[in-house]
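Below: the structure, in structure tokens.
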Amino acid sequence: MIDKEKLTDFVNEALADTDCFLTDLTVSGDNDIVVEIDSDGSIDIDFCSALSRRIEEAFPRDEEDYTLEVGSAGLTAPFKVRRQWEKNVGNDIELLTRDGKKLYGVLTGLTDDACVLETEQKVKREGMKRPVVERLQMEIPFSDVKRASYDLKF
């Protein structure tokens with residue numbers, strides 16, 4: 001079986017001088033390898049193919065057979081690593097909390113253990129007949145986040 005740690009270290013080293021970074025790497029019991037990368041900019045298929053070839057050279061299939069899939073994290077893929085959170089500061093995101101609340105807003109910042117989300121919510125003020133829309137800053141601990149992704153508004 002392919003050593004996941006060695007493969008992870010190799011991929012991180014291969015991406016070190018680029019604006020790309022590893023978001024996920026899985027190795028199944030059948031040696032099916034899936035490498036998911038992201039970038040501060042964009043990733044094209046040529047980059048994924050080149051990384052795939054580098055992996056195949058470093059981990060020859062004649063020593064141990066495996067299947068390999070190298071791809072990029074899609075726009076709607078959930079954030080898996082902190083760098084994805086960092087690259088999306090200032091962007092609209094969709095966030096699902098562990099208690100089932102779905103929140104939409106602008107990711108305005110990050111702390112060591114939380115994200116700061118600016119949302120619009122209807123608030124009923126005392127003495128007013130109708131609720132008003134207010135912009136609220138919410139600090140949500142990462143431990144309370146079940147899933148977060150870039151929000152594509154169409």
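Can you pull out the residues in the range 73-107 that are open to solvent by 60 Å² or more (accessible area, probe 1.4 Å) and either under 16 Å from the mean Cα position of the chain (by Cα) or β-branched (Val, Ile, Thr) (or both)? Write out each step before concluding.
Filtering the range 73-107 down to residues open to solvent by 60 Å² or more (accessible area, probe 1.4 Å) leaves 75-76, 80, 82-83, 86-87, 89, 98-99, 101-102, 104.
Matches in the range 73-107: LEU75, THR76, LYS80, ARG82, ARG83, GLU86, LYS87, VAL89.
Could you go through the range 131-143 and let me know if any residue there is under 15 Å from the mean Cα position of the chain (by Cα) and not in a strand (DSSP E or B).
Start the filter on the range 131-143 by keeping residues that are under 15 Å from the mean Cα position of the chain (by Cα), which leaves 142.
Next, from what is left, pick out any that are not in a strand (DSSP E or B): 142.
Yes, the conditions are met somewhere in the range 131-143.
Restricting to the range 15-30, name every residue that is more than 19 Å from the chain's Cα centre (by Cα) and open to solvent by 50 Å² or more (accessible area, probe 1.4 Å).
ASP17, GLY29, ASP30
Rundown of residues vs (1) under 21 Å from TRP85 (Cα atoms); (2) among the polar types (S, T, N, Q); (3) not in a strand (DSSP E or B), yes/no style:
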{"position": "ASN12", "(1), (2), (3)": "yes, yes, yes"}
{"position": "ASP24", "(1), (2), (3)": "yes, no, no"}
{"position": "ASP30", "(1), (2), (3)": "no, no, yes"}
{"position": "VAL34", "(1), (2), (3)": "no, no, no"}
{"position": "GLY41", "(1), (2), (3)": "yes, no, yes"}
{"position": "SER49", "(1), (2), (3)": "no, yes, yes"}
{"position": "ILE55", "(1), (2), (3)": "no, no, yes"}
{"position": "ARG61", "(1), (2), (3)": "no, no, yes"}
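Return the pair list, or none, for Cβ contacts closer than 8 Å from residues in the range 69-81 that are in a loop (DSSP other than H, G, I, E, B) to residues that are open to solvent by 80 Å² or more (accessible area, probe 1.4 Å) and not hydrophobic (A, V, I, L, M, F, W, C), at least 6 apart or on different chains.
Going by the 8 Å Cβ cut-off, the qualifying pairs are ALA73/LYS80; PRO78/ARG147.
The values are calculated or read from the model by the stated rules, or taken from the named source; none is laboratory data. On a predicted model such as this, the values are computed, not experimentally measured, just so you know. Here Cβ is always computed from backbone atoms with ideal geometry, including for glycine, and neighbour counts include all displayed protein chains. Side chains included, ligands, DNA and RNA excluded: accessible areas come from the protein's heavy atoms. Shrake-Rupley method; radii C 1.70, N 1.55, O 1.52, S 1.80 Å.
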